[in-house]
Amino acid sequence: MRIAALVARILLGLIFFVFGLNMFFNFIPMGPMPTGPAGSFLGVLAATHYTLAVGAVMVTSGALLLIGRFVPLALVLLGPVLVNILIFHLLMARSAIGLGLFAALLWFVVFARHRAAFAAIFQPRFRD
């Protein structure tokens with residue numbers, strides 16, 4: 001499990017680091033803009049520069065995963081990004097969901113390795 005978690009952490013870090021950098025430098029050709037709601041949604045994200053904020057989170061988290069420091073923090077930061085990627089693809093672009101599902105699988109493998117860091121949030125707490 002240690003080796004699998006290490007490979008998953010590095011792959012997840014590479015995916016988010018590279019695709020996060022791509023939001024700033026556009027070195028990976030993305031092809032034509034999708035039509036319909038998906039295109040409108042992506043157009044609004046680009047026009048408002050929201051993609052730059054998401055790209056910064058992706059680059060930072062990807063770098064943390066690659067260097068192996070603050071891995072639980074990187075997982076916490078990437079969780080909402082990954083959920084939004086999956087929701088976008090489920091609702092608007094199902095044909096391109098493969099990489100999102102692969103990243104989610106990698107996220108869960110890394111999470112399983114670092115689950116002790118998250119133990120406290122799964123403890124029920126009652127107010128006095």
- With a 10 Å Cβ neighbour count serving as the proxy for reagent exposure, in which order, fewest first, do M58, M23 appear? M23, M58
- Query: Span-like helices, the chain: DSSP H, alpha-carbon axial extent 20 Å or more, mean Kyte-Doolittle 0.0 or greater, which ones?
  - Reply: 2-25, 50-67, 71-92, 98-113
- Query: With each run of n ≥ 4 DSSP H residues scored as -39500 (n - 2.57), what mean residue ellipticity at 222 nm is computed for the chain after dividing by its residue count and rounding to the nearest 500 deg cm²/dmol?
  - Reply: -24500 deg cm²/dmol
- Query: Which FRET efficiency value, to the nearest 0.05, is calculated for V83 and F118 with the Förster distance at 22 angstrom and r the Cβ-Cβ distance?
  - Reply: 0.90
- Going fewest to most other Cβ atoms within 10 Å around each Cβ, M33, M92 line up as M33, M92
- What trypsin sites (Lys or Arg not before Pro) in the range 33-128 are in a loop by DSSP, with at most 16 other Cβ atoms within 10 Å of the Cβ? R69, R125, R127
- Message: Test of understanding: extend the Cα→C-beta vector of R125 to 7 Å, then name every residue of the range 81-97 with backbone N under 16 Å from that spot.
- Response: none
- First measure r as the distance between the Cβ atoms of T48 and L14, then evaluate 1/(1 + (r/R0)^6) with R0 = 30 Å and state the FRET efficiency to the nearest 0.05. 0.60
- Message: Order these by the 10 Å Cβ neighbour count, fewest first: L42, L64, L90, L78.
- Response: L90, L42, L64, L78
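All of the numbers you see were taken from the coordinates with simple rules; none came from a lab. The model shown is predicted, which means the values in this text are computed figures rather than measured ones. All Cβ positions, glycine included, derive from the backbone under ideal geometry; neighbour counts span all protein chains shown.
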